[in-house]
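What follows is a set of notes on a single structure, which appears directly below.
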Amino acid sequence: MKIDSTLYSYYLEYNAAYKSKSQLIRVISENWFKDNMFCPFCTRERINIYNNNHPVADFFCDFCGEEFQLKSKRQKLGNIVVDGEYNKMIDAIYKNSVPNFLFMSYGLNFDCINDLIIIPRNLYCLELFKKGSLYHILLRGQDGQAVILF
Ligand SMILES: [Zn+2]
């Protein structure tokens with residue numbers, strides 16, 4: 001399987017259809033992921049996208065059942081903060097149905113993918129999710145150290 005190392009062709013395909021920049025970026029990154037990523041757990045060649053609005057996951061593997069949520073950011077991941085609905089994520093943690101997180105950073109003009117990292121769901125704990133209407137996951141503390149350690 002050949003992996004497309006840029007998002008540029010997706011940018012060309014979807015740019016005219018989306019006025020909202022954040023929606024455009026979500027569509028570009030999700031379509032790249034669907035077309036190019038294999039399951040990092042069982043190496044199945046394709047990952048499926050949820051067509052409906054799943055509360056906490058974007059993708060799933062139909063072989064091993066793992067679920068994934070992709071967050072993307074232009075240029076550097078840096079002190080990335082991911083937000084979503086706090087209560088839904090906490091519910092998912094208690095039900096043991098929290099997805100694996102994937103963080104992607106891409107070049108200024110969608111010309112490259114800088115990072116694509118996975119945080120396996122078994123490393124999460126409640127303390128990682130800052131309470132509020134939205135949750136936040138801090139990958140790095142103020143001193144630049146990773147909050148989630150492998
Ligand atoms: Zn799998």
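Within segment 25-80, take every residue that is small (Gly, Ala, Ser) and away from the ligand (no atom under 14 Å from the Cβ) and give me the one that is modelled with the lowest pLDDT.
78
Within segment 110-147, which residues are in contact with a helix residue (DSSP H, G or I) (Cβ under 7 Å, 6 or more places away or on another chain) and modelled with pLDDT of 85 or more?
110, 111 - these are the residues of segment 110-147 that are in contact with a helix residue (DSSP H, G or I) (Cβ under 7 Å, 6 or more places away or on another chain) and modelled with pLDDT of 85 or more.
Inside segment 1-98, counting only helices (runs of 4 or more DSSP H) that do not spill past its ends, which hold 2 or more residues that are over 22 Å from residue 123 (Cα atoms) and of a type outside the set (Ser, Thr, Tyr)?
8-14, 21-36
Hey, could you check segment 8-52 for residues that are acidic (Asp, Glu) and within 20 Å of residue 114 (Cα to Cα) and say which is farthest from the chain's Cα centre (by Cα)?
Ranking the candidates gives 35 first.
The values are calculated or read from the model by the stated rules, or taken from the named source; none is laboratory data. Source: prediction; values computed, not measured. In this analysis, Cβ positions are derived from the backbone assuming ideal geometry, glycine residues included, and neighbour counts consider all displayed protein chains.
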